[in-house]
Amino acid sequence: MSHERVELDYGVLVRELEAGLDAFVQGFPLDSFRKGDYKQYPVITLLACSDSRVPGNMVGNMFNRVFTVENIGNQVKTGEGSILYGLLHLGTPFMIVSGHSDCGAIKAASSDFSGEPEALRKELETVQQSLNQGQAGMMGNLSNDDKLKFTQLAELNVDVQIEYLLSYPEIKELVEGKHLYILGTMLDLHDVYGGGYARTYLSNVNGEKNPDLIKGYAELGSIASKAKRIS
């Protein structure tokens, strides 16, 4: 599962870290924060993969706007309590489950991970269960091309997470009352979908997986036009 480590200049890394911390202070939206009585008012609960190529700011400015939960393979069960807090206590109107191309967790869960530490095995077993569930319900077959196959699996994995969320009566009630939209997205880091690198596609909305139907969701505006699937 691991890849070769690169040589690092720790002096450069420390300076970059310091610059990043300083930039946050300089750009801190204090006036807006003060007007909100220093409390949090997120509008998105984001479940994303921990992969360093999947930045939370892909959905725009994050400060006091995005309640973020990250784990390998973007699994609801791994971060379940945090997600429920965002949806049921903070009341965000959007829940985004973000999968991505070339997901290391998807690849690892599709291989032999028996030699990994127990905690890592436990998380990969959760991913594996999601993949098995997703494949059991899919139409058609997985591609023989690994690049396509693992992206298909990542899409199916997103579907399973949304299905699990909708199994909560409280969440289903919010969705049916149009107080919550659960968006399944795929961040295409490798141009697998053919539309260009780093584009995000809408693969699922509230359990609906048909791109043609999703494009008709007028309430989602131009986001609905990004509906696309390969599985």
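Some points to look at:
- Given Lys77/Lys172; Lys122/Lys147; Lys149/Lys228, the pairs whose alpha carbons are separated by over 19 Å: Lys122/Lys147
- Contour minus Cα-Cα distance for His89 and Ala136 (0.36 nm per residue): 13.6 nm
- Counted as membrane-span-like here are DSSP H helices of the chain whose alpha-carbon atoms extend 18 Å or more along the helix's own axis and whose Kyte-Doolittle mean is 0.5 or above; these are 10-26.
- Mean silhouette area of the stretch 1-79, derived from the convex hull of its C-alpha atoms and averaged over all directions, reads 7.4 nm².
- For the chain, averaging the sequence separation of C-alpha pairs within contact (under 8 Å, six or more residues apart) and dividing by the residue count gives a relative contact order of 16 percent.
- Only Lys, Arg, Asp and Glu carry charge here, each on its Cβ (+1 for the first two, -1 for the last two); on that basis the chain has a dipole of about 620 debye about its Cα centre.
- The calculated FRET efficiency for the pair Met62 and Asn144, based on their C-beta separation and a Förster distance of 45 Å, comes to about 0.70.
- Model label zone, Ala23; criterion: amide N under 18 Å from point 7 Å along Cα-to-beta-carbon; scope the stretch 37-56: 52-56
- Ordering of 95-107, 29-41 by packing [mean C-beta count within 10 Å, highest first]: 95-107, 29-41
- The GluC sites (Glu not before Pro) of the stretch 86-153 include none that meets both criteria, a DSSP state outside H, G, I, E and B (loop) and at most 12 other C-beta atoms within 10 angstrom of the site's C-beta.
- Principal axis extents of the C-alpha atoms in the stretch 119-227 (largest first, rounded to whole Å): 38, 34, 27.
- Separation of alpha-carbon centers, the stretch 180-195 and the stretch 34-88, rounded to whole Å: 17 Å
- By the count of neighbouring beta-carbon atoms within 10 Å, fewest first, Tyr193, Tyr10 end up ordered Tyr10, Tyr193.
- Remark on the stretch 37-170: ratio of C-alpha radius of gyration to 2.2 N^0.38 Å is 1.09.
- Distances between placed amide hydrogens fall under 5 Å for Ser50 paired with Asn71, Ile72, Gly73, Asn74, all partners being 5 or more residues away or on another chain.
- Averaging 1/r over each pair of different alpha-carbon atoms in the chain and inverting the result gives 19.0 Å, the Kirkwood hydrodynamic radius.
Every number in this text was worked out from the coordinates using simple rules, so none of it is lab data. Quantities reported herein were computed from a predicted structural model and do not represent experimental measurements. Every residue, glycine as well, gets a Cβ built from its backbone with ideal geometry; the counts of neighbours run over all protein chains shown.
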